[in-house]
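To keep things clear, I will list the structure first and then write my remarks on it.
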Amino acid sequence: MRILGVDPGYGRTGWAVIDTKGSLTLLEYGLIETSGKDPLSKRLYRIFDQLMAVSSRLMPKRMVLERFHPGKSMTTAEGVFQARGVVLAAAGFTGCEVIEPTAAQVKLAVTGSGKASKEDVRIMVERLLDIKEPIRPDDVVDAIACAIAGSALPGVIA
């Protein structure tokens, strides 16, 4: 099964596609960046358009994005919620099953601890997928971690 992990944000959205056939294989990953100079509608459309292009090319069957819990900044939270909306719209358009684990569930699936640090997650992502060079930025690492978490559900690995 091909799984698309997404770490949505209106400025930067990380994405990664893994394949679970046989073993976990990282097929592609990337970062969708939008300009703060553009209107929000254009920024959100760019996220949607790029995810649609990835989905058309790699044909994932499942999309995984971490549940978002807003912090103190409502402005940031509003933008992230809007970005999540276009990510979910892309999933709906392509027919992807959507999984929304908590941050602790993603960390647990990747590292074995729901309280792992970002660095622990990065190290395990690189180890699990036999990646030789560090993956950056964190948005991409988080997207890969989401995809891995989506593969950890029963019956997914073929």
| said: Just to be sure I understand the filter: pairs with C-beta atoms under 7 Å, separated by 6 or more residues or on different chains, first member in segment 119-139 and touching a residue at least 12 places away in the same chain (Cβ under 8 Å), second member assigned to a loop (DSSP other than H, G, I, E, B) and among the aliphatic types (A, V, I, L, M). Which pairs pass? | reply: Arg122/Ile135; Val125/Ile135; Leu128/Leu24; Leu129/Leu24
| remark: Selection from segment 1-39 of residues over 29 Å from Ala152 (Cα atoms), out of contact with any Phe, Trp or Tyr (no Cβ under 7 Å at 6 or more places or on another chain) and not small (Gly, Ala, Ser) yields Lys37, Asp38, Pro39
| query | List, please: which pairs have Cβ atoms under 6 Å, are six or more places apart or on different chains, and start with a residue in segment 54-82 that is more than 30 Å from Thr25 (Cβ to Cβ) and end with one that is part of a helix (DSSP H, G or I) and at pLDDT below 95? | reply | Pro70/Ala77
| remark: Checked segment 93-118 for anything surrounded by 20 or more Cβ atoms within 10 Å (Cβ to Cβ) and free of Cβ contacts under 8 Å to residues at least 12 places away in the same chain; matches are Ala116
| message | Checking the condition surrounded by 15 or more Cβ atoms within 10 Å (Cβ to Cβ), at pLDDT below 95 and either under 15 Å from the mean Cα position of the chain (by Cα) or aromatic (Phe, Trp, Tyr) (or both), which residue from Ala152, Ala83, Ala89, Ala143 passes? | response | Ala152
| note | Taking segment 64-87 and keeping only residues that are part of a helix (DSSP H, G or I), touching a Leu at 6+ places or on another chain (Cβ under 8 Å) and among the aliphatic types (A, V, I, L, M), one is left with Ala83, Val86, Val87
| query | Any residue in segment 8-21 that is β-branched (Val, Ile, Thr), in contact with a Pro (Cβ under 7 Å, 6 or more places away or on another chain) and touching a residue at least 60 places away in the same chain (Cβ under 8 Å)? | reply | yes
| said: Considering only segment 122-136, I want to know if a residue exists there that is under 14 Å from the mean Cα position of the chain (by Cα) and either polar (S, T, N, Q) or at pLDDT 95 or above (or both). | reply: yes
| task | Hey, can you tell me all the residues within segment 29-61 that are surrounded by fewer than 21 Cβ atoms within 10 Å (Cβ to Cβ) and among the basic types (Lys, Arg)? | result | Lys37, Lys42, Arg46, Arg57, Lys61
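The values are calculated or read from the model by the stated rules, or taken from the named source; none is laboratory data. In this text the structure is predicted, and so the values were computed from the model without any measurement. Here the Cβ is made from the backbone with ideal geometry for all residues, glycine too, and neighbour counts use every protein chain on show.
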